[in-house]
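Chemist: One structure, as structure tokens, below. Some questions next.
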Amino acid sequence: MTAALREMRWWDIDPVMALEEALFPEDAWSRGMFWSELAGVRHREATRYYVVAEDGGRIVGYAGLAAVAGTGDVQTIAVATDHWGSGLGARLLGDLLRRATAMECREVLLEVRVDNARAQRLYERFGFEPIGFRRGYYQPGNVDALVMRLTDPSSVPLQGLIHG
């Protein structure tokens, strides 16, 4: 079964939190952080966009984007381990880039753990390039973040990058 993408709503916070805590036990977002982010969607001047992936009634992935003054920022992206390798991460990222284009972003930034080679490869496939580091960004583990940037998200050929 292929996971269906849909906009995240407040009632998705509990299953998203379960996935968040399973995938990121040391530096999981709080419930309040998700509530705060969802407050920035679904209105005329929205600066946030969040999506979930649902497979058989179960949330198996999610992603979020902030967009302000022509710059998008991937806030979070996660896929359940039993869906790794299915192309779901690429679908979620592609959805964020489509929304970044719709929100008139000229560039998209993100931070990724320096020890997360799998995610870095995904971002590189989409044209993101390393531009710097944020020392000790992920707490409490004090893990550095690699900062990556994609210029002109509207030029990314999503069809060739997204499968599954």
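Chemist: So, in segment 1-38, of the ones that are of a type in the set (S, T, N, Q) and more than 15 Å from GLY61 (Cβ to Cβ), which residue ends up surrounded by the most Cβ atoms within 10 Å (Cβ to Cβ)?
Modeler: Ranking the candidates gives SER36 first.
Chemist: Of the numbered conditions (1) touching a Lys or Arg at 6+ places or on another chain (Cβ under 8 Å); (2) within 23 Å of PRO140 (Cβ to Cβ); (3) of a type in the set (Gly, Ala, Ser); (4) at pLDDT below 95, SER36 fails exactly one; give the number of that condition.
Modeler: SER36 satisfies all of (1) touching a Lys or Arg at 6+ places or on another chain (Cβ under 8 Å); (2) within 23 Å of PRO140 (Cβ to Cβ); (3) of a type in the set (Gly, Ala, Ser); (4) at pLDDT below 95 except (1).
Chemist: Separate question: Would you confirm, using the coordinates I've provided, whether ARG98 is surrounded by fewer than 22 Cβ atoms within 10 Å (Cβ to Cβ) and free of Cβ contacts under 8 Å to residues at least 60 places away in the same chain?
Modeler: When the stated conditions are applied, ARG98 does not pass them.
Chemist: Does segment 52-83 hold any residues that are assigned to a strand (DSSP E or B), of a type in the set (A, V, I, L, M) and surrounded by fewer than 16 Cβ atoms within 10 Å (Cβ to Cβ), and which are they?
Modeler: VAL68, the sole residue that qualifies.
Chemist: Right, another one. Can you tell me how many residues within segment 69-83 are closer than 19 Å to PHE34 by Cβ and of a type in the set (Val, Ile, Thr)?
Modeler: Here the count works out to 4.
Chemist: Would you be able to tell me the number of residues in segment 39-51 that are open to solvent by 50 Å² or more (accessible area, probe 1.4 Å) and of a type in the set (A, V, I, L, M)?
Modeler: Of the residues in segment 39-51, 1 are open to solvent by 50 Å² or more (accessible area, probe 1.4 Å) and of a type in the set (A, V, I, L, M).
Chemist: Can I ask one more? Having 3 or more residues that are in contact with a Leu (Cβ under 8 Å, 6 or more places away or on another chain), within 27 Å of ALA69 (Cβ to Cβ) and open to solvent by 50 Å² or more (accessible area, probe 1.4 Å) is the bar; report the strands (runs of 3 or more DSSP E) wholly within segment 106-156 that clear it.
Modeler: 129-138
The values are calculated or read from the model by the stated rules, or taken from the named source; none is laboratory data. Everything numeric here is computed off the predicted structure, so don't read it as measured data. All Cβ positions, glycine included, derive from the backbone under ideal geometry; neighbour counts span all protein chains shown. Note: accessible area is taken over every heavy atom of the protein model, side chains too, but ligands, DNA and RNA are not part of it. Shrake-Rupley method; radii C 1.70, N 1.55, O 1.52, S 1.80 Å.
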